[in-house]
Amino acid sequence: MTDLTFAVPTSSLPKYREISMGGCLTATLEVRADGTSILRANEPLEPFPESMNERFRHWANTKPDTILVAQRDPDGAWQTITYGQMMMRVRALGQALLDRNLSVERPIIILSDNDLEHLSLGLAANWVGIPYCSVSPAYSLISSDFAKLKHIVATLTPGLVFAASAAFSKAIRAAIPPDLEVVTSADLTAALPDRDFTRFASLLATQPTAALDSAHARVSAHTITKFMFTSGSTKAPKGVPITQRMWCANQQMIVQVMGFMKAEPPVLVDWLPWNHVFGGNHNVGIVLFNGGTLYIDDGKPTPQGIAGTLRNLREISPTVYFNVPKGFEEIVAAMEQDEALAQRFFKRVKAFMFAGAGLSQVVWDRLHTLAEHTVGERIQMLTGLGMTETAPADLFAVGPDVRSGHIGLPNPGVEAKLVPMEGKTEIRFRGPNVMNAYWRNPVQSAEAFDEEGFYRSGDAVKWIDPHNPQKGLLFDGRIAEDFKLSTGTFVSVGPLRAKVIALGAPLVQDAVVTGLNRDEVGLLILPRLDECRRLSGLGAQASLAQVLGHPKVIDHFQALLDQLWQQGTGSASRVARAVVLSEAPSIDHGEVTDKGSINQRAVLQHRAALVDALYLGTVPGLLAPRGKLATN
């Protein structure tokens with residue numbers, strides 16, 4: 001075995017805010033005769049509680065007046081719930097849930113954005129051992145056929161549905177059986193006049209009985225706390241049962257990595273949706289596990305939605321900040337024009353973390369520059385690799401030398417298996433944070449694990465430096481996305497997509513790589529329409545065709561193609577043709593998940609005629625690199 005020691009020559013590095021980090025700084029590599037490897041953190045996983053209820057009860061008893069969660073009311077004031085107040089809500093709601101004979105076979109479905117009722121109901125369900133499922137609002141509010149919502153209802157067979165507002169009435173009418181009780185914090189009479197519903201306030205008025213304490217005492221490490229559904233990027237969403245053991249083990253891993261949270265309870269300003277594992281498990285779990293405070297951010301990482309986030313960050317200084325790359329882009333752009341915002345943002349933050357996609361190194365560097373100008377030091381950016389099936393965190397990349405694409409080394413308690421596959425290396429996981437099986441899906445459950453019980457992630461990785469494994473791992477794309485050209489040349493889609501997004505910033509949101517059984521690689525480019533509009537200088541009244549047809553926008557994409565051609569080293573990395581998509585990806589066709597991830601296969605399948613036209617040269621707006629034209 002080889003000891004991998006994290007070591008960085010600090011003399012040549014910029015100054016970073018000092019914080020306590022650990023957990024995944026060192027690892028041991030076991031290389032097997034069959035070519036596989038096992039990577040383990042040297043730091044052991046410390047003991048962790050049997051259920052998250054233990055942590056919640058501890059904070060409610062020791063600091064009942066500390067704010068657990070806050071959300072703005074319609075007038076813009078912060079409405080708060082302390083740990084002590086939440087315990088009272090949890091006991092009342094828990095009794096109401098028990099009165100309805102809910103169970104793992106009849107769980108709760110929650111149709112809601114992040115809000116106070118949503119969290120209260122989830123914690124109450126945890127308290128009495130009844131699983132719940134936070135369903136993506138997009139499946140109710142954006143989808144037109146409600147197919148994914150219907151699939152989730154059929155898979156879970158719920159005993160109760162909570163709907164936050166009348167906005168969910170169409171989804172209820174389409175996908176929720178008429179005999180299923182609907183609880184709501186709004187008035188649905190006008191929207192659903194032919195249906196009875198229960199007001200959330202009546203549940204809060206329930207008086208706890210001895211049955212509540214009995215049910216609570218039966219909650220164990222193996223109790224399912226919630227069902228989380230995968231995004232369905234390759235098939236229909238799969239239900240992942242998150243047990244108390246999975247959640248608590250993963251939170252113990254996280255606190256061992258982010259040691260600074262032991263010294264100061266975390267304060268989060270966070271919008272990340274609770275139906276996803278990053279927001280619902282990782283971030284909510286960090287608050288509950290460490291006695292922190294969560295300010296629910298009503299903003300979103302869009303040109304229109306970012307105003308809400310900026311308003312909140314001007315009032316609340318987080319101690320650790322999580323977002324997706326687009327969110328960091330918008331915040332950086334705002335801070336470059338607003339020094340007071342930067343002062344508040346950097347005031348006490350110990351670390352940043354992104355997930356969901358790769359953060360552009362350009363944005364990363366701008367963030368460092370702002371921090372140095374504002375507080376005289378950089379803030380560490382953390383990243384890693386995780387997934388719904390692993391609750392989610394498996395690897396973290398920490399330290400001042402972390403760059404875009406790094407995913408680091410395993411957490412304490414996680415075993416990472418590296419398996420050579422068709423010229424790539426798949427990473428697989430085993431540990432107390434990994435699920436046992438998908439819910440009511442034996443076929444896909446069997447396919448998900450190898451003969452040693454490692455979960456097959458489908459993600460490819462490679463060493464940052466093959467001669468120095470201590471530097472950790474790089475993300476190398478999804479194995480299922482890769483394909484061969486007609487020449488037999490293998491195309492690695494993930495790294496090429498990342499390159500397209502980086503070189504095309506800020507106008508490129510994503511790209512679908514084409515070329516299966518064809519002679520050349522092509523692209524279907526998904527533009528950031530707000531950035532295209534900004535570059536064009538055209539107002540909001542301009543049509544999409546006018547924006548994408550503006551000479552400045554066309555020149556940007558042409559320059560991107562030219563650069564990709566020039567930097568290509570062969571047919572698998574040279575993009576020979578492209579088109580900028582004017583039709584947004586469809587959630588109903590499975591082209592995009594509710595968190596914005598693009599499903600390469602679904603786009604290629606749904607737009608097969610467009611791909612044919614791309615290679616026939618008949619697609620409107622066809623782009624070809626000038627270097628290629630010059631050699632033809």
Hydrodynamic radius (Kirkwood) for the chain, which is based on Cα pairs only, to one decimal in Å:
25.8
On a 20 Å Cα-Cα criterion, which of the cross-link pairs Lys326/Lys499; Lys326/Lys552; Lys63/Lys262; Lys226/Lys300 come out too long?
Lys326/Lys552; Lys226/Lys300
Mean shadow area of the range 307-392 over all directions, Cα convex hull, nm²:
5.6
Å³ per residue enclosed by the Cα convex hull of the range 513-632:
121
For the range 421-487, run through the GluC sites (Glu not before Pro) and keep only the ones in DSSP coil with at most 12 other Cβ atoms within 10 Å of their Cβ.
Glu422, Glu451, Glu452
Taking loop as defined by DSSP and a crowding limit of 15 other beta carbons within 10 Å, which trypsin sites (Lys or Arg not before Pro) in the range 345-401 fit?
Lys347, Arg348
State in Å² the accessible area per residue of the range 399-501; use a 1.4 Å probe, count heavy atoms of protein chains only, and round to the nearest integer.
41
For the range 234-338, take every pair of Cα atoms, bin their distances at 10 Å starting from 0, and report each bin as a whole percent.
13, 41, 31, 13, 1
Can you give the relative contact order of the range 148-241 as a percent, counting alpha carbon pairs under 8 Å and 6+ residues apart?
23
Based on the Kirkwood radius over alpha-carbon pairs, what is the Stokes-Einstein translational diffusion coefficient of the range 267-320 at 25 °C with 0.890 mPa s viscosity, in µm²/s?
216
In whole angstrom, how long is each semi-axis of the equivalent ellipsoid of the range 296-446, when you take the square root of 5 times every eigenvalue of its Cα gyration tensor and sort them from largest down?
34, 18, 14
Nearest-0.05 FRET efficiency for Gln567 and Leu538, computed from C-beta distance (R0 30 Å)
0.45
Around Cys248, under 11 Å between beta carbons, what's the net of Lys plus Arg minus Asp minus Glu among the other residues?
0
The range 447-539 - convex hull of alpha carbons, volume per residue in Å³
172
Hey, what D do you get for the range 429-491 in µm²/s if you plug the Kirkwood alpha-carbon radius into Stokes-Einstein at 10 °C and 1.306 mPa s?
110
Treating only Lys and Arg (+1) and Asp and Glu (-1) as charged, each at its beta carbon, one finds that the range 81-213 has a dipole about its Cα centre, in Debye to the nearest 20, of 120
Positive dipole terminus of the chain, leading residue within Ile554, His368, Thr388 (C-beta point charges):
Ile554
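The values are calculated or read from the model by the stated rules, or taken from the named source; none is laboratory data. As the structure is a computational prediction, the values presented were derived from the model and not from experiment. A quick note on method: Cβ atoms are made from the backbone with ideal geometry, for glycine too, and the neighbour counts reach across all protein chains shown. Ligands, DNA and RNA are excluded from the accessible area calculation, which covers all protein heavy atoms including side chains. Shrake-Rupley method; radii C 1.70, N 1.55, O 1.52, S 1.80 Å.
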